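In what follows, a structure is listed as structure tokens, so that the remarks can point back to it.
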Amino acid sequence: MNSEKKLVVAHAPFWHDGSKISTKNYHIMIAALPAVLWGISQYGAPALAVIAFAMACAMIWEVIMNIALGKPFSIGDGSAAVTGLLLGMLMPATAPWWLIVLGTFIAIIVGKQIFGGIGFNPLNPPLLALAMLVISFKPIFDFNEALRHYDLGFVMTYPLADLKYFGTGAIAKFSLGDLFMGRQAGAIGSTCSWGLILGGLYLMLRGYMRWEISLSFLAGVFITALLFNLSDSAKYAGPFFHLFTGYTLIAAFFLVPEDSSSPANFIPMLIFGALAGLMTVLIRNIGIYVDGVPFSILLMNLANPLLDKIRPKAIGKVVENA
Amino acid sequence: MIKRSFLGLVNPRLQYNLVPDSVQELPVPNKVILLLKESKNGAGASTLKVGDGVKTGQRLSASPDSAEYVISSVTGTISAMAPYVGMQAQKYTAITIDASGQDNWDEGFKNEPSLDTALKFFEYAPGSPCFKPFADPEKTIRTIVVNGMDQDVLLTANQYVVKNEAVDLKGGIEALKKITGVERILITVPESLVQQGSTTGGEVKAISATYPDSLPHMIMKNVLGQVVSAGATPEDTGVVFVSAEAVAALGAAFGSGQLRVTKLVTVVGKNGKTTNVRTRIGTPLRDVLQACNVSLNDRDRLILGGAMRGAATYSEDLPVEPRTDGIVVQDEADSAQTTDYPCINCGECIRICPVKIPVNMLIRFLEARLYEDAAAMYDLECCIECGLCSYVCISRIPIFQYIMLGKYELGLIKTAEAASA
């Protein structure tokens with residue numbers, strides 16, 4: 001009963017909704033564009049160089065690893081480009097070229113490839129790189145020193161540094177409007193609050209970034225900062241200040257909901273985001289680092305497998321008592 | 001194929017096809033192929049030989065006391081008998097009958113509703129009803145659910161029966177009560193067919209038009225309020241599911257005295273156009289496709305069943321079986337391609353799974369071939385086999401295939417353990 005026609009025998013289901021990893025990553029890059037373009041317009045050609053070089057280095061490191069491991073090229077799925085873009089957005093505009101090479105090496109190879117590639121990384125790659133660079137090369141990430149030659153028409157001191165070393169009296173000169181519109185000193189892609197919120201809303205509405213994590217992270221930051229502020233408003237800043245400065249918004253929409261390092265069930269996602277937000281504000285207010293975002297999120301990434309066990313019982317599951 | 005919606009906040013919802021087309025009756029084919037299941041006790045003396053004459057409605061089996069049989073759907077002579085291996089290594093004998101064109105009905109069918117008659121003549125009825133649980137002394141069946149809704153997307157055969165053959169359905173339900181002695185017979189229909197369903201004599205229950213709410217496990221949960229445990233079947237909990245087409249065949253047979261030998265099939269062409277045809281059981285697929293003007297080229301997919309749970313087959317010379325509810329032809333360009341990318345933990349599968357299985361962890365264990373751990377820790381046996389996880393997987397992992405393979409391998413492990421115990 002063999003016919004002459006060669007039919008393809010595949011397994012059910014024969015329909016698919018058309019989603020792809022590359023589509024998702026390209027949309028993430030599009031969503032990041034407003035903030036990136038703003039940063040480039042502020043800091044000029046050096047910022048463009050950092051972003052472009054970071055993306056290129058990330059993709060080159062991934063190609064090198066693919067060749068070294070004998071696997072097919074995986075840069076077509078766009079995840080290396082997104083990692084490079086996000087890492088570039090987290091850097092100061094004056095980051096030297098070797099820092100970017102080292103940072104993308106850590107992000108791509110140490111953060112992702114040695115674990116098996118996409119989907120296997122337990123830690124967030126750009127944040128892992130950022131954490132290691134911040135600890136190793138602290139002066140480069142001191143934004144007051146990095147941006148000392150820039151005068152862009154607004155107050156050029158780094159808001160979180162002012163808060164930590166001089167208290168809330170020193171941040172009175174930053175109006176919330178300025179912080180929201182992007183008139184603050186900081187990393188290339190993390191200063192433009194409205195751009196990041198716009199991009200984040202786009203990703204959440206299109207279903208590419210899980211809103212449960214983004215919103216619970218923002219809620220965690222907001223509520224913790226509010227509680228600290230209410231207890232001692234001379235030392236601790238208000239919640240909106242913490243939302244619009246530092247890496248909060250870029251983390252909320254682009255970094256914390258990174259697929260592989262965050263939980264996938266509903267309640268774990270909420271707990272993950274809220275605790276990450278809590279840790280961020282704790283480090284900012286009573287820790288020694290100016291911005292606690294990288295460390296708090298990496299800490300919660302370690303808790304991810306345990307959190308993911310909080311899930312509803314499958315329907316029909318027979319629980320046998322030990 | 002329904003693509004991902006622009007706004008991603010709501011889970012994608014596949015809807016059943018609720019508009020049954022009118023039925024096109026196909027002429028008697030030149031030859032039919034009937035697949036006779038191999039008896040459990042191995043090949044006995046075969047009473048069938050090439051050259052035997054058969055009549056329409058005649059019961060053909062390998063030996064007189066064999067439990068497996070086929071009902072001939074045409075009058076003619078047996079022209080070939082060959083072994084055939086089907087899905088999941090099930091062995092059959094493929095009996096090819098050259099049809100003479102006229103119908104000479106066999107007198108063997110006794111028109112009295114009893115469990116014995118049902119077991120002897122209706123296991124091969126269109127819609128594939130199974131009467132064995134009623135004869136099983138270990139099972140007490142208290143409810144029968146007549147499913148007036150099709151189980152897969154695109155198909156409309158059962159709904160056509162509820163809409164247009166309600167009289168036969170009524171007769172069939174009465175016959176069921178006499179055959180099985182079960183008093184509680186429910187009929188599940190979509191909202192649009194509640195009117196017709198209430199004329200059949202069964203207790204009408206409306207179910208939603210969203211896939212996979214018409215699958216037996218979902219009906220058990222939503223309509224009957226009973227959850228079928230992992231690894232058990234609805235029969236273990238006292239419920240038997242029958243398709244509306246099978247019940248209508250019962251009613252028509254006891255009403256007219258002639259067994260029904262035709263099957264209602266929904267044929268879906270490449271452009272999505274659906275047609276309902278009624279054809280003799282055993283008609284080669286080629287004849288059905290030609291009658292519906294559906295073209296089939298190299299590298300297409302010829303799917304028996306629906307688009308979500310069907311089985312792609314390798315030849316158009318294979319026959320229409322009593323359980324073939326649909327034939328879907330999918331062009332190579334429209335087909336869903338799978339990749340060997342790993343799971344990226346996006347969670348889409350978890351959000352869409354109707355029975356809340358943590359598919360992202362399950363697929364990792366299945367890819368690593370740890371089937372016992374998958375069943376113990378990540379609920380492999382709870383899966384109701386709807387295929388929605390593979391539908392939404394962004395990495396294009398063939399999750400459904402891994403799950404079916406896992407269940408098959410787990411079954412082999414268990415039988416090996418039982419044999420050595």
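In peptide A:264-273, what is the residue-averaged number of other protein chain Cβ atoms found within 10 Å of each Cβ?
2
Lys/Arg Cβ at +1, Asp/Glu Cβ at -1, dipole of chain B taken about the Cα centre: which of B:Ile207, B:Phe122, B:Asn297 is farthest positive-ward?
B:Ile207
Restricting things to alpha carbons, tell me how big region A:52-174 is in terms of Rg and Dmax, in Å.
Looking at region A:52-174, its Cα Rg and Dmax stand at 17.1, 58 Å.
Can you tell me, using C-alpha contacts under 8 Å and at least 6 residues apart, the relative contact order of chain B as a whole percent?
After rounding, I find 16 percent.
For region A:111-121, take each phi angle, set θ = phi - 60°, evaluate the Karplus expression 6.51 cos²θ - 1.76 cosθ + 1.60, and give the result in whole Hz per residue in order, putting x for glycine and proline.
x, 9, 5, 5, 8, x, x, 5, x, 10, 6
Taking just the C-alpha trace of region B:142-213, give me its Rg and Dmax in Å.
Values for region B:142-213 (Cα only, Rg and Dmax): 11.8, 34 Å.
Using Cβ-Cβ distances only, list the Cys residues of chain B with no partner cysteine under 4.7 Å, sorted by number.
Lacking a cysteine Cβ partner under 4.7 Å: B:Cys130, B:Cys292, B:Cys343, B:Cys346, B:Cys353, B:Cys382, B:Cys383, B:Cys386, B:Cys393.
Taking θ = phi - 60°, what integer Hz values does the Karplus form 6.51 cos²θ - 1.76 cosθ + 1.60 yield along region A:5-20, in sequence order, with x for Gly and Pro?
Per residue, the Karplus-derived 3J(HN,Hα) values read 7, 8, 8, 8, 9, 10, 9, 4, x, 9, 10, 9, 7, x, 6, 9 Hz.
By average Cβ neighbour count within 10 Å, what is the ranking of B:385-395, A:229-239, A:49-59 from highest down?
B:385-395, A:49-59, A:229-239
Can you work out ³J(HN,Hα) from phi for every residue in region B:189-200, in order, using Karplus 6.51 cos²θ - 1.76 cosθ + 1.60 and θ = phi - 60°, giving whole Hz and x for Gly and Pro?
Coupling constants for region B:189-200: 9, x, 3, 5, 10, 4, 4, 5, x, 6, 8, 8 Hz.
Quick one: B:Ile97, A:Ile40, fewest Cβ neighbours within 10 Å first, how do they rank?
A:Ile40, B:Ile97
Determine the percent antiparallel among the DSSP beta bridges restricted to the protein assembly as shown, to the nearest 5.
Counting DSSP beta bridges with both partners in the protein assembly as shown, the antiparallel share is about 65 percent.
Roughly how crowded by other chains is peptide A:15-28, in terms of the mean Cβ count from those chains within 10 Å of each of its Cβ atoms?
Going residue by residue through A:15-28 and averaging, the value is 6.
How long are the semi-axes of the ellipsoid equivalent to the protein assembly as shown, from square roots of 5 times the Cα gyration tensor eigenvalues, in whole Å, largest first?
Working from the Cα gyration tensor, I get semi-axes of 63, 26, 22 Å.
Considering the convex hull of the alpha carbon atoms of chain B, report its projected area averaged over all viewing directions, in nm², one decimal.
Mean projected area for chain B: 21.0 nm², to one decimal.
Starting from the amide H of B:Glu203, placed 1.01 Å from N in the peptide plane, find each other amide H under 5 Å away whose residue is 5 or more places distant or on another chain.
B:Ile185, B:Leu186, B:Ile187
Under a cut-off of 16 Å between alpha-carbon atoms, report the aspartates and glutamates in cross-link reach of B:Lys356, not counting same-chain residues fewer than 8 places apart.
A:Asp308, B:Asp213, B:Glu348, B:Asp379, B:Glu381, B:Glu385
Go through B:Lys91/B:Lys270; B:Lys31/B:Lys55; B:Lys37/B:Lys407 and tell me which ones have a Cα-Cα distance over 25 Å in this structure.
Cα-Cα > 25 Å for B:Lys91/B:Lys270; rest within.
Which whole-number percent gives the relative contact order of region B:261-334, counting Cα pairs below 8 Å spaced six or more residues apart?
38 percent
Would you kindly compute the Cα radius of gyration of region B:115-256 and its largest Cα-Cα separation (Dmax), both in Å?
For region B:115-256, the Cα-based Rg and Dmax read 14.0, 42 Å.
What's the long-distance tail for region A:108-251, i.e. % of Cα pairs beyond 24 Å?
Value for region A:108-251: 41 percent of Cα pairs lie more than 24 Å apart.
Other chains' Cβ within 10 Å of B:300-308 residues: what's the mean?
Mean inter-chain Cβ contacts per residue within 10 Å come to 4.
Using the Kirkwood formula over every pair of different C-alpha atoms, what hydrodynamic radius in Å results for region B:185-257?
Every distinct Cα pair counted, the radius reaches 13.5 Å.
7 Å from Cα along Cα→Cβ at both B:Gln102 and A:Lys138: what's the point-to-point distance in nm?
So the two model labels end up 10.4 nm from each other.
Using the Cα centre of the protein assembly as shown as the reference point, and only Cβ charges (+1 on K/R, -1 on D/E), how large is the resulting charge dipole? Debye, rounded to the nearest 20.
Charge dipole of the protein assembly as shown: 940 debye, to the nearest 20.
Go ahead and estimate [θ] at 222 nm for chain B from helices alone: -39,500 (n - 2.57) per DSSP H run with n ≥ 4, summed, over the residue count, rounded to 500.
-7500 deg cm²/dmol
Return the distance in nm (one decimal) between the two label points of a simple spin-label model at B:Val10 and B:Ala206, each offset 7 Å from Cα along Cα→Cβ.
Inter-label distance under the simple model: 1.9 nm.
So what is the relative contact order of chain A, in percent, for Cα pairs below 8 Å that sit 6 or more residues apart?
RCO, chain A: 18 percent.
Taking every pair of distinct Cα atoms and averaging 1/r, then inverting, what Kirkwood hydrodynamic radius in Å comes out for chain A?
The Cα-based Kirkwood calculation yields 20.6 Å.
Anything in chain A that counts as a DSSP H helix reaching 18 Å or more along its axis (C-alpha) with Kyte-Doolittle mean of at least 0.0? List them, would you?
A:21-43, A:45-69, A:193-206, A:211-231, A:266-286, A:293-307
FYI, it's all coordinate maths here, none of it is from the lab. Since the model is a prediction, treat every value here as computed from it, not as a measurement. Every residue, glycine among them, receives a Cβ derived from its backbone with ideal geometry; neighbour counts consider all protein chains shown.
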